[in-house]
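Okay, so here's the structure we're looking at.
The values are calculated or read from the model by the stated rules, or taken from the named source; none is laboratory data. Computed from a predicted model, the values in this text were never measured in an experiment. All Cβ positions, glycine included, derive from the backbone under ideal geometry; neighbour counts span all protein chains shown. Surface accessibility is based on the protein's heavy atoms, side chains included, excluding ligands, DNA and RNA. Shrake-Rupley method; radii C 1.70, N 1.55, O 1.52, S 1.80 Å.
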Amino acid sequence: MPPRRRLSPADRRTQLLGVAARLFAAQPYDLVRMEDVAEQAGVSRALLYQHFPNKRDLFAALYREVSEQLLAKTRLDPADTLVEQLVEGLDAHIEYFAENRNTVLAANRVLAGDLLVQTIIADELDALREGLLGVLPLTDARAREAVSGVLKSWLVFVQVLCLDWLTHETCTRTELRDVCVGAVLGALRPLLDEDPAPDWPR
């Protein structure tokens, strides 16, 4: 066990989440043990359990952090084109998914029935939908409601498609991203007075 360092509670929590991130990324959820997290962090199991009562709570805290980081990388600004923003946000998500396959599969499959973890995922999808609604040329409440429904369904489509890609990897990352971009543009065009991406192939 590495020598234990005295850290503030906030710094200790950050350290523990960093160790957990590495372990959950490296192996399937069921193989990660709290004892391994404590050992690699150089702390006692008692101290680890003071911060996180169980493995699921540790994972949920980690995934909430991940969700917030990915939202921060998804820059949604009316001054930029919709395609630029979609590409940037999807690239950030797909890069994380590819580099942390076990973590993503744990959140979406192993813990698919866990209310806390699924709420974290749902909150991120809702934030993405609201962000996209804010940069689209919507003329009235009816258009906003229709587009909101399309975006909600599209985000679930992207989630399912990315999970399938993590399992089978039947295309490149760029192809995966472009499929997602093309899908949402095709779904939005009939609902908008102005084409949100006139330069994107129809």
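Here are the numbers for this structure:
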read-out	value
Cα lying deepest toward the dipole's positive end in the chain, options A38, A72, V147, charges on Cβ	A38
For the chain, calculated [θ]222 nm from helices alone, where every DSSP H run of n ≥ 4 adds -39500 (n - 2.57)	-23000 deg cm²/dmol
Probe 1.4 Å - accessible area at H51, Å² to nearest ten	50 Å²
Placed amide H near T81: partners under 5 Å, 5+ positions off or other chain	none
Whole-percent carbon and sulfur share, accessible surface of the chain, 1.4 Å	53 percent
Relative contact order, percent, the chain [alpha-carbon distance under 8 Å, six or more residues apart]	22 percent
Three-way shape label, region 10-94, alpha-carbon gyration tensor, a/c 1.5	prolate
Region 86-202 - accessible surface per residue (Å², probe 1.4 Å)	51 Å²
Electrostatic dipole magnitude of the chain [Cβ: Lys, Arg +1; Asp, Glu -1; Cα centre; debye, to 20]	1040 debye
